[in-house]
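Please read the structure below before turning to the comments.
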Amino acid sequence: MNSTEFLGLSEDALAARGALATAREIAQQPRMLQRTHALVAGLHARITAFVEPIARDPRARVILTGAGTSAYIGQCLAALLDRQLAARVDAVATTDLVSSPHLYLDPEQPLLLVSFGRSGNSPESLAAVQLAEARVREVRHLVVTCNADGALNRTGARQALTVLLPEETHDESFAMTSSFTCMMYATLQALSPAGMLDARIGPLAAATETAIARQLSPLQALAGLGCDRVVYLGSGLLQGLAREATLKLGELTNGAVATCFDSPLGFRHGPKTFVTPKTLVLVFVSNDPLTRQYDLDLLDELRRDGVAARVVEITAQPRDGHDALVVEGLAQAPDVDLLFPYAAIAQIFAFQASLATGITPDNPNKAGTVNRVVQGVRIHALAS
């Protein structure tokens with residue numbers, strides 16, 4: 001009998017429910033983050049030499065780009081990297097770059113285009129590279145991908161460097177999990193000073209592993225509530241993760257659960273009407289002392305309202321007597337480190353919700369109207 005387990009279920013049980021790849025890829029993240037750190041550390045001098053002519057130029061721009069989950073990597077990191085680099089840093093999805101290139105690509109502004117791709121085969125990812133090549137006089141491409149055979153590796157761009165992550169991060173399942181966290185970590189490390197994360201990767205990976213192990217039962221119980229609406233909220237860097245968490249839940253339940261994301265402060269300005277008695281609210285709580293106060297104010301307000309089915313804080317600094325999913329060992333960590341265990345918690349909840357609704361997580365969209373690598377995109381020629 002096969003004794004290997006992922007997320008508390010045997011391989012055989014997971015395979016029978018169409019869930020093996022998703023469970024394995026969620027569970028492997030602590031190990032893959034460690035391997036990604038070692039890989040990027042070995043490449044760091046080469047990466048720095050490649051990106052510095054643009055990254056250290058205050059007249060230049062860095063665009064973090066991808067589609068879907070890959071786009072949300074940029075949304076999680078852009079504000080932080082903008083503080084670290086001399087160049088302006090923005091997150092712009094490939095889906096926006098391709099449809100409105102004139103809004104984002106300045107022919108005279110030096111550009112570092114950082115492209116994320118699990119498969120590296122999304123039509124918009126390739127088109128974004130080609131548009132930057134055609135429209136921008138000085139452009140460099142940093143490709144962060146999980147697939148050595150992906151088309152992003154063979155664009156023919158004038159100046160390009162690929163960071164190829166461990167093969168296991170090329171997720172086989174429908175939804176991106178380890179590819180998301182490892183591409184995000186690789187980019188943070190690659191565009192930060194050498195050695196900056198050396199002392200942080202151990203606690204970060206350990207916290208992610210502990211969160212996966214200890215939150216399985218609480219997350220299964222939350223999925224078992226049968227809520228038909230789920231809200232994810234996060235401030236600062238964590239708002240990008242809130243958006244990714246809603247996508248993960250929507251993907252793995254094939255749209256059976258309605259989702260909404262926002263910042264805690266923004267949620268009061270209309271989106272709060274989304275909350276009903278069958279709504280679960282999950283808040284990624286910041287460690288920043290100021291930001292955290294705003295997060296907690298909103299949490300307390302929602303509980304006083306008494307409308308939502310449950311209001312749960314996902315936090316590294318738990319409060320006595322409050323409904324919480326706790327990440328251990330990162331109480332003093334910067335918010336960017338929280339992204340990784342928080343992401344794993346959101347992924348497990350989506351996985352459990354998928355199983356609870358009778359859907360197969362590895363292939364939730366049986367009709368094929370949504371695909372692992374997007375199909376049906378027609379790239380139109382750019383008018384001269």
Checklist outcome for this item: The local net charge around Thr291, scoring Lys/Arg +1 and Asp/Glu -1 for residues other than Thr291 whose Cβ lies under 12 Å from its Cβ, equals -3
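Would you list Ser115, Ser263 from fewest to most Cβ contacts within 10 Å?
Ser263, Ser115
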Next on the checklist: Please give the charge dipole size of the chain, origin at the Cα centre, charges +1 on K and R Cβ atoms and -1 on D and E Cβ atoms. Round to the nearest 20 debye.
Outcome noted: 560
Checklist entry - Residue farthest toward the positive end of the dipole of region 262-350, with Cβ of Lys/Arg at +1 and Asp/Glu at -1: which of Gly306, Leu296, Leu325? => result Gly306
Item to check | All lysines inside 21 Å of Lys366 as judged from Cα atoms, apart from same-chain residues fewer than 8 positions distant | outcome: Lys248
Checklist entry - Any idea what diffusion coefficient the chain gets from Stokes-Einstein, in µm²/s, Kirkwood Rh on alpha carbon pairs, 25 °C, 0.890 mPa s? => result 116
Next on the checklist: Viscosity 1.306 mPa s, temperature 10 °C: give me the Stokes-Einstein translational D for region 200-356 in µm²/s, with Rh taken as the Kirkwood radius over C-alpha pairs.
Outcome noted: 104
Checklist entry - In the chain, with Lys and Arg counted as +1 and Asp and Glu as -1 at Cβ, which of these residues, Gly224, Ala78, Pro53, has the Cα nearest the positive end of the dipole, that is, farthest along it? => result Pro53
Item to check | Environment charge at Gly329 (Cβ cut-off 13 Å; Lys +1, Arg +1, Asp -1, Glu -1) | outcome: -1
Checklist outcome for this item: Checked region 22-65 with the C-alpha gyration tensor, a ≥ b ≥ c its square-rooted eigenvalues, rounded below a/c of 1.5, otherwise prolate if a/b is larger than b/c and oblate if not; verdict oblate
Checklist outcome for this item: For region 167-246 the translational diffusion coefficient, Stokes-Einstein from a Kirkwood Rh over Cα pairs at 25 °C and viscosity 0.890 mPa s, in µm²/s, is roughly 162
Checklist entry - What size of dipole, in debye to the nearest 20, comes out for region 200-356 about its Cα centre when the only charges are +1 on Lys and Arg C-beta atoms and -1 on Asp and Glu C-beta atoms? => result 300
Checklist entry - Any idea what angle helix 289-305 forms with the longest principal axis of the chain, computed on alpha-carbon atoms, 0 to 90 degrees, nearest 10? => result 40
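What list do you get for Ser70, Ser173, Ser217 if you sort them by fewest beta carbons within 10 Å?
The order, fewest Cβ neighbours first, is Ser217, Ser173, Ser70.
Tell me, what is a quarter of the convex hull surface for the C-alpha atoms of region 21-190, in nm² with one decimal?
If you wrap the Cα atoms of region 21-190 in a convex hull and average its projections, you get 8.7 nm².
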Checklist entry - By how many degrees, 0 to 90 and rounded to 10, does the Cα axis of helix 201-214 deviate from the longest principal axis of the chain? => result 30
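No lab work stands behind these numbers, since they all come straight from the coordinates. This one's a predicted model, so the numbers in the text were calculated from it and none came from an experiment. As a convention, Cβ positions derive from the backbone with ideal geometry for all residues, glycine included, and neighbour counts pool all protein chains shown.
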